[in-house]
1. May I ask for the Kirkwood hydrodynamic radius of the stretch 334-458, worked out over all distinct Cα pairs and given in angstroms to one decimal?
2. In nm, give the distance between the simple-model label positions of SER71 and VAL306, each being 7 Å from the Cα along the Cα-to-Cβ direction.
3. To the nearest 20 debye, what charge dipole does the chain have about its Cα centre, counting +1 at the Cβ of each Lys and Arg and -1 at the Cβ of each Asp and Glu?
4. Using amide H atoms built 1.01 Å from N in the peptide plane, name the residues 5+ places from GLY33, or on other chains, whose amide H lies under 5 Å from its own.
5. Roughly speaking, what is the stretch gain from SER416 to GLN318, that is 0.36 nm per residue apart minus the C-alpha to C-alpha distance, in nm to one decimal?
6. Which pairs in the list LYS124/LYS225; LYS48/LYS189; LYS221/LYS351; LYS333/LYS373 are over 25 Å apart, alpha-carbon to alpha-carbon?
7. If you average the sequence gap of Cα pairs under 8 Å that are 6 or more apart and divide by the length of the stretch 5-301, what percent do you get for the contact order?
8. DSSP loop GluC sites (Glu not before Pro) in the stretch 131-226 with at most 16 other Cβ atoms within 10 Å of their Cβ, which ones?
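Read the figures in this text as sums done on the coordinates, not as results from a lab. A quick note: this is a predicted structure, and the numbers were derived from the prediction, not measured. Counting neighbours? That spans all protein chains shown, and the Cβs are built from the backbone with ideal geometry, glycine included.
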Amino acid sequence: MRLPETFVKEMKHILGQEYELFEKAMEERSKKGLRIHRGKISVDEFLKKSPFSLDPIPYVENGFYYPEEDSPGRHPYYNAGLYYIQEPSAMVPASLLSPLPGEKVLDLCAAPGGKATEWGSQLKGEGVLFANDISPSRGKALLKNLEMAGIQNLFVTAETPERLAASYPSYFDKILIDAPCSGEGMFRKERQLIKSWEKKGPKDYKDLQKEILSYGAAMLKPKGKLLYSTCTFSPEENEGVIDFLLKTNPDMELLPIEKKQGFSCGRPDLIKEGREELKRCIRLYPHNIKGEGHFAALLQKKEGKVPKKDNPPFHCIQRFPMMDAFFRGLSWKIDTSRIFEKEGYLYYLPKNEGPKKSIRYLRTGLFLGEERKNAFLPSQALAMALKPEEYPKVLSFFPEDERVIKYLKGETLDISDKGLPLEDNGYFLICVEHYSLGFGKKIGHQLRNKYEPGWRWI
């Protein structure tokens, strides 16, 4: 790999005698990783049924390395949301700051969703997850990953940090900022980033990072915690940004991070007048861990007054007869005051949370489906949020059954062997083993495919 001379010089300064080990590691192949989604299945349960050769990632309890030839992205378990494919080091930030059920949390730069899906799982359906990305196109990929994971209590937004901060001052218990950066830590995995770095470099990102982090701090409750991370080695984008925040926000303090095997300390010596406490940050280098380069810092806002809440809970006053009829067969208890309707599409809002007119939303709560005059059309998101025992009509297939792949490709299925009464028609929840994939509409011995068109296998 040809590395830019300026980058090599900087890394030699940072690493000293370790540089040769770093250079050798940069010539090795990147490790592949997946993170088990514990909102769907426990780690032990997944390992019992996993068809892959997995090795545990030592610094993430639900993360595993897998060999490239296993291709877990082409297995039905992936479409059931049992795991998320993620670069091993990228799993670290969400593991360093865990939300508690009932908290309000924000992933400010969330696409494509690796960290947001982990946080959503940890909330266990209580509280609310705000997942934001300024790009609506990236936000669509983020939304798909959250829905595939079955996350219900969410808002997906496509906003600037500035507009979010204006609407949600001192609001969140936990905030995660995986900031846009020069990407030095990903040179081995994505070599095209080298050309981008040569054109831009760290100087083009540091001011943006300072701005994003400052708005993030403004949205944090007193005693709330914020995790800042990047995938770069640049001191300007790492210790320099944290130092700036501490100087400009005296109500913020830097907390120590447990130094697990392979983690290195922050480097205050790499910036001008760097304070000693910057050693509390962590740096990840590819020659020390089986992963790419990362940086992380954990911050907390000191005690203070919480501003009065100016957004009363949303209350629905409409009734939706077709949806009501559909949900009578479910074990779910729907609080009708939390139903949000827009142009016939129905959403189930997180408890005591409602949308604000000033914010651009890609999703407000769990998308339930579409209310029509004579029918309710349930959504793919609803199917992924359901468990088989919660729905009255279920069709389950083993992963080896060729109909699973046919279903994921959007084809009509022959289910004459399932022994269902000919007249027992309607929407069935389709599962691979005990895990939801989507809906299908049974008509006689055929199952009409209702799998989300944009999710289908090609």
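1. Values: mean 1/r = 0.0630 Å⁻¹.
About 15.9 Å for the stretch 334-458.
2. Rounded to a tenth, the inter-label distance reads 5.0 nm.
3. Working: 71 positive and 64 negative charges, 197 e Å.
Its charge dipole is roughly 940 debye.
4. TYR66, GLN86
5. Numbers: separation 98, 0.36 × 98 = 35.28 nm, distance 4.05 nm.
Result for the pair: 31.2 nm of gain on full extension.
6. Working: LYS124/LYS225 19 Å; LYS48/LYS189 30 Å; LYS221/LYS351 19 Å; LYS333/LYS373 23 Å.
Going by Cα-Cα distance, LYS48/LYS189 fall outside the 25 Å limit.
7. Working: 606 pairs, mean separation 50.3, N = 297.
Contact order relative to length: 17 percent.
8. Details: sites: GLU147, GLU159, GLU162, GLU184, GLU190, GLU198, GLU211; in loops: GLU159, GLU190.
Sites meeting the loop and neighbour criteria: GLU190.
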